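Please treat every number below as a calculation from the coordinates, not as lab data. No experiment lies behind these values; they were computed from the predicted model shown. For neighbour counting, all protein chains shown are included, and Cβ atoms are generated from backbone atoms with ideal geometry for every residue, glycine included.
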Amino acid sequence: MATTATRRRWTRFGAPARVDGRMLLGVALVAASVIGGVLFWGSARETVPVLVAARDLPAGHVLEADDLSVAQLRLEGELSSLAIPDAELDAVAGRTTGTAVHAGEMLVWPDLATGPIIGRDEVAITVPVEADAVYPGLRAGDSVAVLGTSDKGEPGSQTVTLLDSAVVYDISLAPGPIAIGQDGEEGQGLSNVTLVVPRSEAERVAHAVVSWDVTLALLSAQEGD
């Protein structure tokens, strides 16, 4: 009898318990959901170091390192590609702002000027030019000397220098006239060249544009500086 009872107890307690597969699946799903939630909220709260204005920066301001500070911000969507990382500080120093940036505001790439800036004491004047009267490779940012010729074709005609140096602000293509290039191919001729000139010289240049023939002479990079 003792032997039989012992065998029964061994059979009752020694056999491995059956595990419900559905229960294990449910536990695994719950665990995956919890881990996923933790990862999601962790990434949602993640911040990155970006450049912000340390003070009010007007348009046309040449940036220095102490004009900017670093802030930890959480970026979403398009902002992540527009924001300037703190690692770009050295690259941004020396660039010019194309728009005003207020103190504490995040600096974004579109805030930086990509071309010439019209300063406080400057104006932009547009000079009509013939297609063959200006260097065809002229582009925004180039420096030119501005010459004016009065009474063209007359005995008393003379040419004077109106400006030793002016910066090309923009160039527009003529919608109609066509110029023939050196290779014999037809190309669109230049129509208008807009220059940044000192406000004090604006009247003289404007008078020459209306009354004289104006010529633009391309300067070397050293002369432009």
query: Say each of Ala91 and Thr126 gets a label point 7 Å from the Cα, pointing the same way as Cα to Cβ; how far apart are those two points in nm?
result: 3.5
query: What order do you get for 85-98, 137-150 when each peptide is scored by the mean count of other beta carbon atoms within 10 Å, highest first?
result: 137-150, 85-98
query: Quick one: if you stick a label point 7 Å off each Cα along the C-beta vector at Glu76 and Ser220, how many nm between them?
result: 5.6
message: Could you order the peptides 152-164, 108-120, 205-217 from most to least packed, using the average number of other C-beta atoms within 10 Å per residue?
response: 205-217, 108-120, 152-164
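Mind checking the full-extension length gain between Asp164 and Glu203? Use 0.36 nm per residue of separation minus the Cα-Cα distance, one decimal, nm. Could the numbers behind the result be given before it?
Numbers: separation 39, 0.36 × 39 = 14.04 nm, distance 1.58 nm.
Extending this stretch completely gives an extra 12.5 nm.
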- prompt: Give or take rounding to whole Å, what are the principal axis extents of the alpha carbon atoms in the range 48-111, in descending order?
  reply: 28, 19, 18
